[in-house]
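A quick write-up on the structure given underneath.
The values are calculated or read from the model by the stated rules, or taken from the named source; none is laboratory data. Since this is a predicted model, take the numbers as computed values, not measurements. Reconstructed Cβ throughout: ideal geometry from the backbone, glycine too, with neighbour counts over all protein chains shown. Quick note on the areas: whole protein, heavy atoms, side chains included, nothing else; ligands and nucleic acids left out. Shrake-Rupley method; radii C 1.70, N 1.55, O 1.52, S 1.80 Å.
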Amino acid sequence: MEIDVFTGLNGIPDEVINNKTIIVIDVLRATTTIAVALASGCLEVIPVLTPEEAIEMRERLGDERVLLGGERNALKIPGFDLGNSPMEYTPEVVGGKRLIMTTTNGTRAIRRAAGGRQVFLGALVNAPAVAGQAAAAEGDITIICAGTRDRFSLEDFLAAGFLVDRLAGQGQFILRDGALAARDYYYLHRDNLLAAMKGSFHGRLLMDLGLEADVEFCSRVGAIDVVPVYGGGIIKKAA
Ligand code: MLT
């Protein structure tokens, strides 16, 4: 059984997605926010590619318990109920609701993973729980870092390294080079993950927008134990 880590969506071969166990990571902030939404009692999240698709889907569903969430350029989309800050997704706001979500990178990466046998969504906040679920799965594990506009993202690679470290400690895995590099990178920063997150391009961009609290929140390893699972176009909490 192998573990490999891919950064960005370009050039990921179908053979490492189809029928594999996949973990999609977008630490800042889509997969963090989705995990928090489900932990707050949101019933399900439907990831879509564009704001137009989200609006059209809500109209079609005609259900007032459906919320629209997500971002473009890290900011709430006009006409949407929620942005992409995990702290917006409180039980009062999302409890008992369904959510349609579109983000620049995260929801694209999730949709790209659609052929996986099992698709888990990972972030630092739920990384220990995700590692536990993925370790119980059989076969190869492909970790996909969503990145930022098709470019490498440090924060996703850091979370990938955490997962590789945990998984390698729980099973007989062969680590491909992407997995070895991610683990080494995590070892380099594990004593101060927050500083690494704040130093990343996306971390700095969010802080420039006054969203430092989001970066801090997204750095809290193991703060929640919810594992989002994507299948049939819908994200739900793993049983
Ligand atoms: C994304 O999916 O591109 C991100 O979650 C962007 C963000 O920080 O809102």
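If one takes the longest principal axis of the Cα atoms in the chain, at what angle in degrees, from 0 to 90 and to the nearest 10, does the Cα axis of helix 51-61 lie?
With both axes taken from Cα atoms, the answer is about 60 degrees.
Could you report the range 2-231's accessible area per residue, 1.4 Å probe, as an integer in Å²?
For the range 2-231, the solvent-accessible area averages 41 Å² per residue.
Pull up the DSSP beta bridges for the chain and report the antiparallel fraction as a percent, rounded to 5.
25
Mind checking the range 143-239 for trypsin sites (Lys or Arg not before Pro) that DSSP puts in a loop (not H, G, I, E or B) and that have at most 16 other Cβ atoms within 10 Å?
Filter output for the range 143-239: R149, R220.
Hey, what number do you get for the chain at 222 nm if only DSSP H runs of n ≥ 4 count, each worth -39500 (n - 2.57), divided across all residues, to the nearest 500?
Theoretical 222 nm ellipticity from helices: -11000 deg cm²/dmol.
Taking only Cα atoms of the range 60-174, what ratio of Rg to Rh do you get with Rh as the Kirkwood inverse-distance radius?
Here the Rg-to-Rh quotient is 1.01.
Just the accessible area for V221, please: 1.4 Å probe, Å², rounded to the nearest 10?
60
How big is the shadow of the Cα convex hull of the chain, averaged over all directions, in nm²?
Here the figure is 11.6 nm², rounded to one decimal.
Sorting M1, M197 by accessible area (1.4 Å probe), largest first, what list results?
M1, M197
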